[in-house]
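Single-structure report; data block below.
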């Protein structure tokens, strides 16, 4: 920590001693010399403070700050825009890593790994993928970086426990070392803490963790390992949760979770768009900040290096139940989650399945001001993404010349091609027949929205 030096500017105390009046006065050149000496000392103090403030958060002054790597950057090769894809091994939308095309994503975050009293914990499903699929995938597609995705939506308390002191962070680092050694196909980790709180020094402790991970990797000679973060988009969270200066120093890139801006909740009982590109004309105050454009620029204006910003786009949607089926507008009053999906969360395949079942009063809308489609039938209202919306938002991200696009997630894309966004390719079934004894004779999943994002980035 920086040591701040307080300089007291004490005024001379006037004397009433009559003897002082008879003493010789100080010469002008002496005053000038004294002033020069004072200025010189102040300059030294200023330099000292600058060096102290710029030093590491850690007391280990012998450890240099480690620059971000991201593979190619260490070799001075220009970094193309990334396409970071999240891949989950649990839940009903299971997917084999081996079914993901090797030319689709530049980085794949595989998870989620949990925290149990500061120790990393892997589910049986995650262990199976890491043990049996990552090595095969890496051998076929060595250019794709595979990262361990740590945390998630329910990890807030466990992250707070893990980072709160050096002893806890050391436990985490030891377990991380074991896992990275056990699964050498992994190229790093993605930390997904949702979210550091504005108290208990979560922000400071999180930044200290960045440094300690880099320090440990330097000792282990893991110079090319990637350290990324999944970060909040709303400024009301981001302002208190993250030290952007430390992110620039230690983190390769951040995955901006620029979605979930609107979903049903008791304090927001109205319909809204999951990932609007811009604010709508009738949105004011804080509501006008819940969009991709505002949040991406907030991070840039607050100092994040542009090439570290990876803007998130969803492949899933949110469903609502309308109070009045005649009011189907964006912002219409809602009474709860919709029937489509689970607790208002709908994969793209589920949205299209629901749409095919809608018979009467079906309305497919598109808000051009935000590049966002929506679907309604009677009391059902769904915000989702389609090829047009993803293409529009991907073009916007490309125009920013930032670090790339993040897709959340591969599992919630239209794997079954229910939406018919991508023609069925019979050869994929034939190619998959070779692995029929292992995984069954079935067609491989398709990723229409992810592929559109990839093509747009070119």
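Considering only residues that are assigned to a helix (DSSP H, G or I) and surrounded by fewer than 23 Cβ atoms within 10 Å (Cβ to Cβ), which ones fall in region 232-249?
235, 236, 237, 238, 239, 240, 241, 244, 245, 246, 248, 249
Could you tell me whether residue 365 is in contact with a helix residue (DSSP H, G or I) (Cβ under 7 Å, 6 or more places away or on another chain) and surrounded by fewer than 22 Cβ atoms within 10 Å (Cβ to Cβ)? Outline the logic, then answer.
Details: in contact with a helix residue (DSSP H, G or I) (Cβ under 7 Å, 6 or more places away or on another chain): no; surrounded by fewer than 22 Cβ atoms within 10 Å (Cβ to Cβ): yes.
In short, no.
From 241, 233, which residue is at pLDDT 95 or above and within 28 Å of residue 347 (Cα to Cα)? Walk me through how you get there before you give the answer.
On the way: 241 fails: within 28 Å of residue 347 (Cα to Cα).
After applying the criteria, what remains is 233.
If you check 355, 399, 409, 364, which single one turns out to be within 19 Å of residue 280 (Cα to Cα) and modelled with pLDDT of 95 or more? Can you show your working first?
Values: 355 fails: within 19 Å of residue 280 (Cα to Cα); 399 fails: within 19 Å of residue 280 (Cα to Cα); 409 fails: within 19 Å of residue 280 (Cα to Cα).
Result of the check over 355, 399, 409, 364: 364.
Restricted to region 399-421, and to residues that are out of contact with any strand residue (DSSP E or B) (no Cβ under 9 Å at 6 or more places or on another chain) and closer than 18 Å to residue 353 by Cα, which residue is surrounded by the most Cβ atoms within 10 Å (Cβ to Cβ)?
414
Find the residue count for region 330-383, including only residues that are more than 31 Å from the chain's Cα centre (by Cα) and part of a loop (DSSP other than H, G, I, E, B).
Qualifying residue count, region 330-383: 7.
List pairs: first in region 278-301 and within 20 Å of residue 366 (Cβ to Cβ), second in a helix (DSSP H, G or I), Cβ under 6 Å, 6+ apart or cross-chain?
If the second residue must be in a helix (DSSP H, G or I), the pairs left are 278/293; 279/288.
Report yes if residue 336 is surrounded by fewer than 23 Cβ atoms within 10 Å (Cβ to Cβ), more than 28 Å from residue 83 (Cβ to Cβ), at pLDDT 95 or above and touching a strand residue (DSSP E or B) at 6+ places or on another chain (Cβ under 8 Å), otherwise no.
Answer is yes for this residue.
Applying the selection to region 369-384, what residues are out of contact with any helix residue (DSSP H, G or I) (no Cβ under 9 Å at 6 or more places or on another chain) and either buried (at least 23 other Cβ atoms within 10 Å of the Cβ) or within 19 Å of residue 314 (Cβ to Cβ) (or both)? Steps first, please.
If we filter region 369-384 for residues that are out of contact with any helix residue (DSSP H, G or I) (no Cβ under 9 Å at 6 or more places or on another chain), which is where we start, we get 369, 374, 376, 378-379, 381, 383.
369, 374, 376, 381, 383 - these are the residues of region 369-384 that are out of contact with any helix residue (DSSP H, G or I) (no Cβ under 9 Å at 6 or more places or on another chain) and either buried (at least 23 other Cβ atoms within 10 Å of the Cβ) or within 19 Å of residue 314 (Cβ to Cβ) (or both).
(1) outside any loop (DSSP other than H, G, I, E, B); (2) surrounded by fewer than 18 Cβ atoms within 10 Å (Cβ to Cβ): which one isn't true of residue 294, the others all being true?
Looking at each condition in turn, residue 294 falls short on (2).
If I go through region 139-148 residue by residue, how many of them are touching a helix residue (DSSP H, G or I) at 6+ places or on another chain (Cβ under 9 Å) and in a strand (DSSP E or B)?
Residues in region 139-148 being touching a helix residue (DSSP H, G or I) at 6+ places or on another chain (Cβ under 9 Å) and in a strand (DSSP E or B): 2 in total.
Rundown of residues vs (1) under 27 Å from residue 258 (Cβ atoms); (2) in contact with a strand residue (DSSP E or B) (Cβ under 8 Å, 6 or more places away or on another chain); (3) assigned to a strand (DSSP E or B); (4) at pLDDT 95 or above, yes/no style:
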site: 126; (1), (2), (3), (4): yes, yes, no, yes
site: 159; (1), (2), (3), (4): yes, yes, no, yes
site: 169; (1), (2), (3), (4): no, no, no, yes
site: 199; (1), (2), (3), (4): yes, no, no, no
site: 216; (1), (2), (3), (4): no, no, no, yes
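The values are calculated or read from the model by the stated rules, or taken from the named source; none is laboratory data. This one's a predicted model, so the numbers in the text were calculated from it and none came from an experiment. Note that we place each Cβ from the backbone using ideal geometry, even for glycine, and neighbour counts take in every protein chain shown.
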